[in-house]
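A short reminder: the numbers here are calculations on the coordinates, not readings from a lab. Nothing here was measured: the structure is a model prediction, and the numbers come from that model. Don't worry about glycine lacking a Cβ; one is built from the backbone with ideal geometry, like all the others, and counts go over all protein chains shown.
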Amino acid sequence: MAATVTPSPGRARPAPPGRRSPSGGRPPRARRSPLARREARWAYVFLAPWIVGFLAFTAGPMIASLWLSLTDYDVINPPRFTGLDNYRQLMADPQVARSLGNTVWYTALHVPLAMAVSLALALLLRRVGRWQGFFRTVFYLPVMTPAVAVGILFLLLLNTQDGLVNRALRLIGVAGPSWTTDPDWVLPGIVLMSLWSLGSTVIIYLAALQNVPRELYEAASIDGAGSWARFRHVTLPMISGSLFFTLIVNTIASLQMFTEVYTMYFGNRETQNRFNSDAASFYVIHLFREAFQFLHMGFASAMAWLLFVIILAITLVQVKLGNRFVYYEGDDR
């Protein structure tokens, strides 16, 4: 027969952690040691510059632009509250629709092409052996080139008569298009220019490829998988996290394309008269001109918030869909 133990009448059983005591109160929290409190204070001290910078240069301007988007403001006169008039005008403005369409088309062309070319270059870099460090530097150097210099450089390279691109095409018997004047070729020319700075994406893909375990390739080869099967069923799933990251980052950057295109087509009056600037009117360029050329600050703020909502919506869709296809190490799904 099992013995039963009765608690002594003068001693109460302690309440389990996280549960209320019989009297209805919670057990007292353990006090942090002086060292833990001192570390917490120093953590806030080191975080303070970022917090101040975020409030002063990000959150503050965002709140101010949201207020300005509801006003008529030209910098010279005080803001005049107009409600949602700027947003109604925004939806009815054909130039806004045209510039947004150009931006979306550029993003749809640039992002997949940039990712494909970067992955191909990373696959080649993985095979160069001891020269890998040299070529990594070569591919990354264009990223360090100032964007204004890139715009001027490609304005010369894409010149219809004397540009290096059309000269190279003539050597193989192909008549090069009018990259900067033909509306049908302006966007492809800008996409071609944007491939100049793929170095950061190439480096990310190369690092991801080098982390793929060789045992997986060996197991796939033993099972009879060819090169394409190994690439499809081993390489792509194992680097899907990097692909997903660059998809989001490149999409956001493409939707905010500004400096190179503005330098090429809107840098001065002569450039605007010589080239087809309507076909190169991107959304952020139109926003910039409304704000600083025409001083329509309220309207430009409404444009900025529309772009913010578009980027947020696209990113949320990408995250939602990407979770189904991205493989994370240790994921049991």
Output ³J(HN,Hα) for the stretch 203-219: one whole-Hz value per residue in order, computed from phi by the Karplus curve 6.51 cos²θ - 1.76 cosθ + 1.60 with θ = phi - 60°, and x for Gly and Pro. 5, 4, 5, 4, 4, 5, 5, 6, 8, 6, x, 5, 4, 5, 5, 5, 5
Distance in nm between label sites at F231 and Y217, each 7 Å beyond Cα in the beta-carbon direction? 1.3
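Ranking request for peptides 249-256, 126-133: highest mean number of other beta-carbon atoms within 10 Å first, then the rest in descending order. Please list the in-between numbers first.
Details: 249-256: 17.6, 126-133: 9.9.
For the peptides 249-256, 126-133, the packing ranking is 249-256, 126-133.
Given R₀ = 35 Å, FRET efficiency for L312-R170 by Cβ-Cβ distance, to 0.05? The partial results should precede the final answer.
Values: r = 46 Å, r/R0 = 1.31.
For L312 and R170, the calculated efficiency is 0.15.
Report the full-extension gain for the segment A147 to L55: residue separation times 0.36 nm, less the Cα-Cα distance, to one decimal in nm. Display every interim value, and only then the final one.
Working: separation 92, 0.36 × 92 = 33.12 nm, distance 2.81 nm.
Stretched out fully, the A147 to L55 stretch lengthens by 30.3 nm.
With a ≥ b ≥ c the root eigenvalues of the C-alpha gyration tensor of the stretch 198-308, is it rounded (a/c under 1.5), prolate (a/b larger than b/c) or oblate? Numbers along the way, then the final one.
On the way: a/c = 4.46, a/b = 2.90, b/c = 1.54.
Judged from the Cα gyration tensor, the stretch 198-308 comes out prolate (a/c at least 1.5, a/b above b/c).
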When the chain is treated as a GNM, springs tying every alpha-carbon pair under 10 Å, which of R31, R230, R41 comes out with the largest mean-square fluctuation? R31
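Report the Rg/Rh value for the stretch 184-223, based on alpha-carbon coordinates and the Kirkwood definition of Rh.
Details: Rg = 17.4 Å, Rh = 13.0 Å.
Here Rg/Rh amounts to 1.34.
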If one puts a single equal scatterer on every Cα of the stretch 37-81 and applies the Debye formula without solvent, what log₁₀ I(q)/I(0) results at q = 0.16, 0.24 Å⁻¹? -0.58, -0.82
Under Stokes-Einstein, with the Kirkwood radius over Cα pairs standing in for Rh, what whole-number D in µm²/s applies to the stretch 108-267 at 25 °C and 0.890 mPa s? 139
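Using mean Cβ contacts within 10 Å as the protection proxy, how do 206-212, 50-56 order, highest first? Write down the numbers at each step before the final one.
On the way: 206-212: 16.1, 50-56: 10.6.
With the highest mean Cβ count within 10 Å placed first, the list reads 206-212, 50-56.
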With springs only between Cα atoms under 10 Å, which of T160, T71, T137 fluctuates most in a Gaussian network model of the chain? T137
Please work out the FRET efficiency for the pair Y327 and L84, using the Cβ-Cβ distance as r and a Förster radius of 51 Å; give the result to the nearest 0.05. 0.70
Contact order relative to length of the chain, as percent, for alpha carbon pairs under 8 angstrom and 6 or more apart: 25
What do you get for the angle between helix 94-125 and the principal long axis of the chain? Use alpha-carbon atoms, 0 to 90 degrees, nearest ten. 70
Highest mean first, what order results for 292-298, 198-204 on Cβ atoms within 10 Å? 198-204, 292-298
Mean-square fluctuation maximum in Gaussian network of the chain, Cα pairs under 10 Å, restricted to R38, R167, R80, hits R38
Using all C-alpha to C-alpha distances in the chain, build P(r) with 10 Å bins and read off the rounded percent in each one. 5, 16, 21, 21, 16, 10, 6, 3, 2, 1, 0
Specify the angular offset, from 0 to 90 degrees and rounded to the nearest 10, of the alpha carbon long axis of helix 147-157 from the longest principal axis of the alpha carbons in the chain. 30
Name the residues whose placed amide hydrogens come within less than 5 Å of the amide hydrogen of T71, ignoring near sequence neighbours (fewer than 5 apart) on the same chain. T82
Chain lengthening between V319 and A253 when straightened (0.36 nm per residue, less Cα-Cα): 22.1 nm
